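The values are calculated or read from the model by the stated rules, or taken from the named source; none is laboratory data. Just so it is clear, the structure is predicted and the values come from calculations on it, not from any experiment. A quick note on method: Cβ atoms are made from the backbone with ideal geometry, for glycine too, and the neighbour counts reach across all protein chains shown. Remember, those area values only see protein heavy atoms, side chains included, never the ligands or the DNA or RNA. Shrake-Rupley method; radii C 1.70, N 1.55, O 1.52, S 1.80 Å.
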Amino acid sequence: MPDYVVTLAYLLAAMLFVLGLKGLAHPRTAVRGNLMGAAGMLIAVVVTLLNMRILEPWAVVAGLVVGGAAGAILAVKIRMTAMPQLVGLLNGFGGGASVLVAGASFVLGASAGLNATQFNIAVAASGLIGAVTFWGSLVAFSKLEERWLRKPVLFRGRHVVNAALGAVALGLGMWLVVDPAQLWVYWALVAVASVLGVLLVAPIGGADMPVVITLLNSYSGLAACATGFVLSNNVLIISGSLVGASGIILTRIMCRAMNRSLANVMFGTLGPAAGAASADDIYAGKVKSGDAEEIAMLFDSARRVVIVPGYGMAVAQAQHAVRDLTQLLESRGTAVEFGIHPVAGRMPGHMNVLLAEANIPYDQVKEMDEINPTLPQADIALVIGANDVVNPVARTDPADPRGSVNPIAGMPIIDVDKARTVVVIKRSLSPGFAGIPNPLFAADNTIMYFGDGKKALLDLIAAIKEG
């Protein structure tokens, strides 16, 4: 295939990737953006197969059957609540593929036209970043799936150990560049980077997992970019760079939403500090609760309701019950909107995905900055399984989180406490990921509605209909 045809095809694929990313920035254009990205990848794969003369029918058919079957099974079987785990696992696959492809090329000495030094640097970068991504993603998957390493694994001196492992990995990478004849150095580099990947993610708690997922996504892109240099494949370099850059941008957005630096997320801990108020101090004798019939009476006179979903809605798989409640309220003349916090759930956009699955109209789903100014005009703010993202403590003590007894100080929240009435659906008064009590639950305008999110909503719907 002529080089100019390959270049033009790769350029077209890159344009489709960029347009696809732009489309993914908004729910209305997300499907179109996804299709454009997939079209770009199809062009890139077909042109690469033709250009590299990988035309054996059995190889093409085997790739289509295995890849297509795996994708179809995942698409059909995966629960929407398990999307964060799937994203984490796919990040890991990208990193693992980079390790294997770079390793195979290094063993075969396939420099693909690069000079030896550039090729060896690219191989070392692929092995290092790819191994950290693969094992870090597996740990993230296990945490999100609540199998192993569910709680943060903390031990004294972990930062020193991680720094030492990082230094050893960099040293092995430089050795590989200087003396590429030592093939074992590459696999030693991969082994050290694998341990580093596990130790970097193991101490991180559930509240920070959305940031970790986006960061690992960025790593997988950087690993792919490095592998593109190994193979001298322009479209892999471009696509890897786009994934890496977009992942970093999203990571910064998530950190800003939590009022934390990336270093604080990766190397700090989220939890109550000495001197923080206890649950007894906050809740004793102040918490009011109601049953479905009592809550339904509040909704009878409400003209505007704002629903704020959290991870509890995902756990209870209550998104369809939320849709039914929304439709019932709207049929009675009540305006219903949704307020979404950027870090609600276990991955960026987790709540948006769940609401979209339940066919909640996009127009009703508002970002935090858009919904907050309107909350004082809301008759009811209905909080479903959210905790830290509606905790007013974050607002009342905006001091530097590192020097405060409040671990979420300064974190932007959804101001549900400014609504006329707040109804909180929650199983108990247990704290959120930050591990601190929430004064919202004991506020004068708050009524707790204890129970499983889905069952509580179904009971509430029945009570409203009966009323």
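Structural remarks
- Restricting segment 24-61 to trypsin sites (Lys or Arg not before Pro) that sit in a DSSP loop and have at most 12 other Cβ atoms within 10 Å of their own Cβ leaves ARG53.
- Straight-line cross-link reach from LYS454 at under 20 Å between alpha-carbon atoms covers these aspartates and glutamates, not counting any fewer than eight positions away in the same chain: ASP291, GLU293, GLU294, ASP324, GLU330, GLU337, GLU357, GLU466.
- Checking the Cα-Cα distances for LYS366/LYS455; LYS143/LYS455; LYS151/LYS366; LYS286/LYS418 against a 22 Å cut-off, the pairs over it are LYS366/LYS455; LYS143/LYS455; LYS151/LYS366.
- Accessible-area composition of segment 195-234, carbon plus sulfur, in percent [1.4 Å probe]: 68 percent
- Sites listed here are trypsin sites (Lys or Arg not before Pro) in segment 277-356 whose DSSP assignment is loop and whose Cβ has at most 13 other Cβ atoms within 10 Å: LYS286, LYS288, ARG303, ARG332.
- Available extension along the chain between ARG79 and ARG395 is 110.3 nm, counting 0.36 nm per residue and deducting the alpha carbon span.
- Ligands, DNA and RNA left out, the 1.4 Å accessible surface of segment 25-180 is 74% carbon and sulfur atoms.
- Cross-link partners of LYS288 among lysines, defined as those whose alpha carbon lies under 17 angstrom from its own and excluding same-chain residues fewer than eight positions apart: LYS426.
- Estimated inter-spin distance, GLN364 and HIS26, nm [label 7 Å along Cα→Cβ]: 2.1 nm
- Modelled this way, with points 7 Å down the Cα-to-C-beta line, the labels at PHE450 and ARG332 are 2.5 nm from one another.
- Loop-located trypsin sites (Lys or Arg not before Pro) in segment 89-190 whose Cβ has at most 11 other Cβ within 10 Å (DSSP): ARG147, ARG156
- Over segment 1-149, Cα pairs under 8 Å with separation of 6+ residues give a relative contact order of 19 percent.
- Rounded percent of accessible protein surface that carbon and sulfur make up, segment 273-372, 1.4 Å probe: 50 percent
- Cut-off of 10 Å, at most 16 other beta carbons, DSSP loop: longest stretch of the chain lacking such chymotrypsin sites (Phe, Trp or Tyr not before Pro): 156-467
- Each Lys and Arg contributes +1 and each Asp and Glu -1, all at the Cβ; summed about the Cα centre of the chain, the dipole is approximately 540 debye.
- Rolling a 1.4 angstrom probe over the protein heavy atoms with all chains in place gives the chain an accessible area of 47 Å² per residue.
- Rounded to 10°, Cα long-axis angle of helix 3-23 versus longest principal axis of the chain: 10 degrees
- ASP415, ASP280, ASP452, reordered so the largest accessible area comes first (probe 1.4 Å): ASP280, ASP452, ASP415
- Counting every pair of alpha carbons in segment 104-176, the share spaced more than 21 Å apart comes to 46 percent.
- What the Kirkwood sum gives for segment 52-185 is a hydrodynamic radius of 17.6 Å, with every pair of different alpha carbons counted.
- For LYS288, distant residues with modelled amide H under 5 Å away: MET448
- For the chain: relative contact order, % (alpha-carbon pairs under 8 angstrom, 6 or more apart): 14 percent
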